[in-house]
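All remarks here apply to the structure that follows.
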């Protein structure tokens with residue numbers, strides 16, 4: 001169990017705001033992991049937070065040294081951008097408990113703002129040291145303005161109003177290529193009756209990289225380090241903010257707004273501050289994304305991205321800074337593993353290795369004791385082989401398919417490929433056009449089985465887990481691989497969100513909150 | 001010259017009475033659909049204090065079920081059964097399908113959280129997940145292309161061709177949508193006020209804990225609420241398809257957002273409020289499209305939402321809830 005303040009090793013008797021002390025500590029005792037993993041986790045948590053902080057980010061800083069694969073570094077940068085976004089969202093959602101669904105607007109404003117200040121769109125090419133603070137500052141002001149409704153609204157009402165803010169940003173970005181100021185464009189000195197501000201659906205392209213003096217950041221390495229630096233700075237700043245008077249006030253606000261108000265806290269100011277700070281971090285992430293992609297395009301700032309950011313934060317555990325970073329790693333790498341057609345390496349092309357390793361790790365860490373783990377894994381292997389033999393006997397063509405190694409070529413994939421082919425049921429012609437669509441129904445079956453897992457307990461769940469794992473592998477090999485970067489991985493992300501909420505509402509590193517009635 | 005620029009903004013046809021009447025009828029029709037949808041939000045919110053984001057996707061699935069029934073029975077151009085029966089079957093199938101889907105969503109996404117007494121943010125995230133899942137499922141199975149209901153072909157186009165009253169005009173389809181909505185409203189009202197389960201629903205809505213102590217099976221009431229709300233959304237989905245002639249995977253998200261606004265504007269938790277809010281938003285949208293710009297219609301709806309929430313936070317027909325400490 002990590003605590004919500006990972007840097008400082010808080011003394012045990014320090015009263016914790018946001019969780020019932022006794023319940024959470026006794027809950028900690030009953031749910032603490034045993035075995036080697038539990039021991040390692042316990043020892044890790046005994047290290048001072050500062051050491052963990054520097055060790056972790058030091059490791060991240062070494063990644064570009066250890067690999068020269070540009071693709072991996074790009075994934076790393078995207079992960080860090082999402083970590084940054086989740087850190088910002090954590091202020092309003094995790095600390096202050098304000099469900100801000102308009103967060104995507106700040107991210108988008110950051111990107112569009114930077115794109116307008118540093119591209120040929122309006123012929124201005126600002127330096128990074130001028131453009132970034134301007135954009136972030138402006139977005140903080142916008143954040144304060146958009147936070148005004150939070151003075152009177154709370155909970156779901158605030159959520160829906162802010163969701164509309166996000167929608168409006170998207171509408172303005174898409175429609176903003178024909179701005180007509182009541183037909184007065186010409187009189188106001190504009191050349192055209194339809195003033196193009198945002199580039200409409202095509203967005204703004206050819207945005208400059210970050211430029212200081214005459215040096216422009218172009219390489220993937222540069223952006224990796226820029227983003228890492230931003231994450232480290234924001235992480236540290238938020239950590240100190242969290243432990244300050246304001247941070248405590250935010251968490252008090254989350255626990256009980258009325259009580260906080262009675263304690264003479266300026267709740268309206270605190271709410272606006274939380275949303276404003278979050279907006280600033282979101283805008284910072286936006287400027288980085290704009291420079292990284294060398295453009296600002298409306299579909300990078302739509303509701304899907306918002307949901308992904310929420311998935312990151314909630315998975316990691318709202319209220320926990322290290323959770324936000326962990327969530328970003330899990331979600332981005334997970335989505336990438338489910339996006340076949342990109343080369344990771346050799347036979348593990350398509351992130352296949354990552355997929356199987358993830359399943360293995362989840363089973364190994366979630367299940368105790370060892371004989372249950374062995375029974376499930378052994379059962380899965382036997383189940384697949386049996387199914388392969390039975391179907392092969394009844395319908396020989398049904399098991400004649402190869403495995404796909406990247407979007408275009410497929411082969412036998414060496415010994416691991418041989419194992420997969422004899423474990424799964426891959427019919428001949430699976431990868432011809434339209435041949436994989438029947439596996440759509442397996443996707444539905446897989447989701448039904450995963451949902452079924454949440455209903456069962458004990459040996460029945462273990463028994464259902466066996467075909468579920470096999471089916472997941474089948475769907476991966478036969479369906480996802482062919483699809484590329486399509487809808488299914490987002491489908492699985494959505495399903496993952498539901499299951500996580502049902503099983504562990506506080507997220508991976510979050511603290512269980514005890515609602516006191 | 002600038003002053004005339006503002007007046008010249010309107011075309012001459014926009015300044016006639018018949019155009020106003022067109023917008024009015026279109027607004028009431030659209031408003032009926034929003035209201036039908038808003039009832040689902042309102043009922044669930046009333047019982048569980050939960051914002052069911054997935055409601056829009058239930059609507060979308062209902063629209064698809066209606067479409068597939070239509071296709072299975074020969075399509076709009078050559079239906080195998082009489083048109084009235086065809087429409088009845090479409091709506092009935094969509095209501096049952098959507099109702100079952102709504103119950104499943106409650107069972108898998110919301111109930112575990114309710115039992116675990118999770119913080120209030122958790123079901124919202126679950127709801128986002130469900131909404132996401134259903135949208136992606138629809139785009140995988142039904143593709144992202146628009147599916148055409150093609151209602152102009154139904155009984156030779158008599159349903160969609162407007163008929164004239166002097167210079168005013170409206171179509172049978174609009175009359176049908178408005179009357180069906182009124183019918184559903186009446187039935188629902190009887191259900192809530194006259195039956196045992198309706199009384200239980202109101203009791204749970206008033207105080208969930210106390211109701212459960214009085215021997216009311218809260219889970220059953222919740223399942224019933226989800227079924228009824230989702231069935232109405234399914235019917236709305238089919239009528240939306242018949243009226244606007246198509247459906248696509250994102251239809252539920254947009255309509256859902258506006259319908260939720262309608263529920264809030266009318267006073268969330270109140271069934272007549274949802275209908276009033278739906279009509280208000282429908283009229284507003286229709287006039288915004290007719291007299292200003294269709295690109296910014298959502299912005300206008302949103303501004304109204306903000307105004308209502310600031311002036312009367314509990315909505316038009318809502319009762320402000322005293323906060324107990």
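Listing for the model above:
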read-out: Single residue of B:305, B:309 found to be surrounded by fewer than 22 Cβ atoms within 10 Å (Cβ to Cβ) and within 14 Å of chain A (Cβ to nearest Cβ); value: B:309
read-out: Pair list, Cβ under 7 Å, 6 or more apart: the range B:116-128 residue more than 7 Å from every other protein chain (Cβ to nearest Cβ), other residue in a helix (DSSP H, G or I); value: B:123/B:110; B:123/B:113; B:127/B:109
read-out: Any hit, the range A:428-441, residues being away from chain B (no Cβ under 14 Å), modelled with pLDDT of 75 or more and outside any helix (DSSP H, G or I); value: no
read-out: Some residue of the range A:269-286 being touching a strand residue (DSSP E or B) at 6+ places or on another chain (Cβ under 9 Å), part of a helix (DSSP H, G or I) and touching a residue at least 60 places away in the same chain (Cβ under 8 Å); value: yes
read-out: Residue in the range A:63-73 that is closer than 29 Å to residue B:125 by Cβ, at pLDDT below 90 and either in a helix (DSSP H, G or I) or in the same structural domain as residue A:290 (by TED's automatic domain parsing) (or both) present; value: no
read-out: The lone exception for residue A:81 - which of (1) more than 14 Å from chain B (Cβ to nearest Cβ); (2) under 22 Å from the mean Cα position of the chain (by Cα); (3) closer than 16 Å to residue A:275 by Cα it fails; value: (3)
read-out: Contacts under 9 angstrom Cβ, first residue in the range A:361-372 being surrounded by fewer than 10 Cβ atoms within 10 Å (Cβ to Cβ), partner in a helix (DSSP H, G or I), 6 or more apart; value: A:369/A:35
read-out: Residue A:163 being under 29 Å from residue B:49 (Cα atoms), part of a helix (DSSP H, G or I) and out of contact with any strand residue (DSSP E or B) (no Cβ under 9 Å at 6 or more places or on another chain); value: yes
read-out: Inter-residue pairs, beta-carbon under 6 Å, first crowded, with 16+ Cβ neighbours inside 10 Å and in the range A:43-57, second assigned to a helix (DSSP H, G or I), 6+ apart; value: A:57/A:232
read-out: Residue A:346 being within 14 Å of chain B (Cβ to nearest Cβ), modelled with pLDDT under 85 and out of contact with any helix residue (DSSP H, G or I) (no Cβ under 8 Å at 6 or more places or on another chain); value: no
read-out: Among the residues listed as B:110, B:146, the single one being more than 19 Å from the chain's Cα centre (by Cα) and more than 10 Å from chain A (Cβ to nearest Cβ); value: B:146
read-out: Meets criteria (touching a residue at least 12 places away in the same chain (Cβ under 8 Å) and within 13 Å of chain A (Cβ to nearest Cβ)) for residue B:315; value: yes
read-out: Where a residue in the range A:82-100 is in the same structural domain as residue A:276 (by TED's automatic domain parsing) and its partner, wherever it lies, is part of a loop (DSSP other than H, G, I, E, B), with Cβ under 6 Å and at least six apart; value: A:92/A:98; A:92/A:100; A:93/A:318; A:94/A:318; A:94/A:319
read-out: Index of the failed condition, residue A:91 passing every other in (1) more than 22 Å from the chain's Cα centre (by Cα); (2) over 23 Å from residue A:198 (Cβ atoms); value: (1)
read-out: Criterion (surrounded by fewer than 22 Cβ atoms within 10 Å (Cβ to Cβ) and over 13 Å from the mean Cα position of the chain (by Cα)) met by exactly one of A:259, A:283; value: A:259
read-out: Which listed residue is in a helix (DSSP H, G or I), surrounded by 12 or more Cβ atoms within 10 Å (Cβ to Cβ), modelled with pLDDT under 80 and away from every other protein chain (no Cβ under 14 Å), from B:198, B:153; value: B:153
read-out: Residues located in the range B:281-297, provided they are within 13 Å of chain A (Cβ to nearest Cβ) and surrounded by fewer than 20 Cβ atoms within 10 Å (Cβ to Cβ); value: B:292, B:293, B:294, B:295, B:296, B:297
read-out: Failed criterion for residue A:99 (all others in (1) outside any helix (DSSP H, G or I); (2) out of contact with any helix residue (DSSP H, G or I) (no Cβ under 6 Å at 6 or more places or on another chain) hold); value: (2)
read-out: Test result for residue A:161, within 14 Å of chain B (Cβ to nearest Cβ), touching a helix residue (DSSP H, G or I) at 6+ places or on another chain (Cβ under 9 Å) and modelled with pLDDT of 85 or more; value: no
read-out: All positions within the range B:236-254 that are in a helix (DSSP H, G or I) and out of contact with any helix residue (DSSP H, G or I) (no Cβ under 6 Å at 6 or more places or on another chain); value: B:244, B:254
read-out: Residue check, residue A:305 at pLDDT 85 or above and under 26 Å from residue A:251 (Cα atoms); value: no
read-out: Leading residue by the ranking (nearest to residue B:40 (Cα to Cα)) among those in the range B:129-143 that are more than 7 Å from chain A (Cβ to nearest Cβ) and more than 21 Å from the chain's Cα centre (by Cα); value: B:142
read-out: Pick from the range A:133-158, criterion more than 8 Å from chain B (Cβ to nearest Cβ) and not in a helix (DSSP H, G or I), ranking: surrounded by the most Cβ atoms within 10 Å (Cβ to Cβ); value: A:147
read-out: Test: residue in the range B:270-291 that is under 28 Å from residue A:304 (Cβ atoms), in contact with a helix residue (DSSP H, G or I) (Cβ under 7 Å, 6 or more places away or on another chain) and not in a helix (DSSP H, G or I); value: no
read-out: Search result, residues across the range A:310-334 that are under 24 Å from residue B:131 (Cα atoms) and within 14 Å of chain B (Cβ to nearest Cβ); value: A:310, A:311, A:312, A:313, A:314, A:315, A:316, A:317, A:318, A:327, A:331
read-out: Of all residues making up the range B:58-96, the number that are under 17 Å from the mean Cα position of the chain (by Cα) and within 19 Å of residue B:140 (Cα to Cα); value: 9
read-out: Residue match in the range B:89-108 (condition: more than 30 Å from residue B:169 (Cβ to Cβ), touching a strand residue (DSSP E or B) at 6+ places or on another chain (Cβ under 7 Å) and buried (at least 22 other Cβ atoms within 10 Å of the Cβ)); value: no
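Every residue, every condition in (1) within 12 Å of chain B (Cβ to nearest Cβ); (2) modelled with pLDDT of 85 or more, yes or no:
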residue: A:177; (1), (2): yes, no
residue: A:182; (1), (2): yes, no
residue: A:185; (1), (2): yes, no
residue: A:192; (1), (2): no, no
residue: A:210; (1), (2): no, yes
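The values are calculated or read from the model by the stated rules, or taken from the named source; none is laboratory data. Because the structure is predicted, anything quoted here is derived from the model rather than measured. Every residue, glycine among them, receives a Cβ derived from its backbone with ideal geometry; neighbour counts consider all protein chains shown.
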